[in-house]
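Below you'll find the structure, written out as structure tokens, and then a few comments.
The values are calculated or read from the model by the stated rules, or taken from the named source; none is laboratory data. Just so it is clear, the structure is predicted and the values come from calculations on it, not from any experiment. Note that we place each Cβ from the backbone using ideal geometry, even for glycine, and neighbour counts take in every protein chain shown. Remember, those area values only see protein heavy atoms, side chains included, never the ligands or the DNA or RNA. Shrake-Rupley method; radii C 1.70, N 1.55, O 1.52, S 1.80 Å.
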Amino acid sequence: VQLQASGGGLVQAGGSLRLSCAASGRIFSINDMGWYRQAPGNEREWVAAITSGGSANYADSVKGRFTISRDNARNAVYLQMNGLKPEDTAVYFCHARITYYSTNDYWGQGTQVTVSS
């Protein structure tokens with residue numbers, strides 16, 4: 001199984017970006033999907049998650065600005081980021097809990113998001 005993330009970049013404060021992540025390989029089902037981020041010198045932190053049924057949850061720091069969604073037919077998860085702030089600057093990683101006989105956690109390679117002030 002592979003997770004391929006894309007969509008990062010450089011944006012000014014107040015701007016928007018949309019991250020995408022698609023899973024491929026041997027998959028029976030995908031349970032939770034989500035996004036984490038890691039800023040330089042910091043630990044990886046959870047940003048948002050969405051269940052297979054579409055129920056979403058967000059970290060307080062992004063609530064009201066970020067929207068997570070998924071396309072089950074495409075095995076994909078998205079993160080629409082609006083109202084970006086310099087403190088959102090980080091490498092963003094997608095995550096998926098995938099079942100193929102057994103259930104395991106998989107991570108994308110990370111995509112850089114840089115917000116300038």
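One table, with the values for the structure above:
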| item | result |
| --- | --- |
| Antiparallel bridge percentage (DSSP; both residues within the chain; nearest 5) | 90 |
| Sparsely packed chymotrypsin sites (Phe, Trp or Tyr not before Pro) within the stretch 75-117, loop by DSSP, other Cβ within 10 Å at most 15 | TYR101 |
| Label of the coordinate-derived value, Rg and Dmax of the Cα atoms in Å, listed as [x] 13.2, 41; [y] 13.5, 44; [z] 13.7, 47 | [z] |
| Separation between Cα centres of the stretch 58-77 and the stretch 32-49, rounded to whole Å | 12 |
| The stretch 68-115: relative contact order in percent, alpha carbon pairs under 8 Å with at least 6 residues between | 33 |
| Sparsely packed chymotrypsin sites (Phe, Trp or Tyr not before Pro) within the stretch 1-69, loop by DSSP, other Cβ within 10 Å at most 15 | PHE28 |
| Solvent-accessible surface ranking, highest first, for ASP88, ASP71, ASP105 at 1.4 angstrom | ASP105, ASP71, ASP88 |
| Relative contact order computed over the chain (Cα-Cα under 8 Å; 6+ residues apart), in percent | 37 |
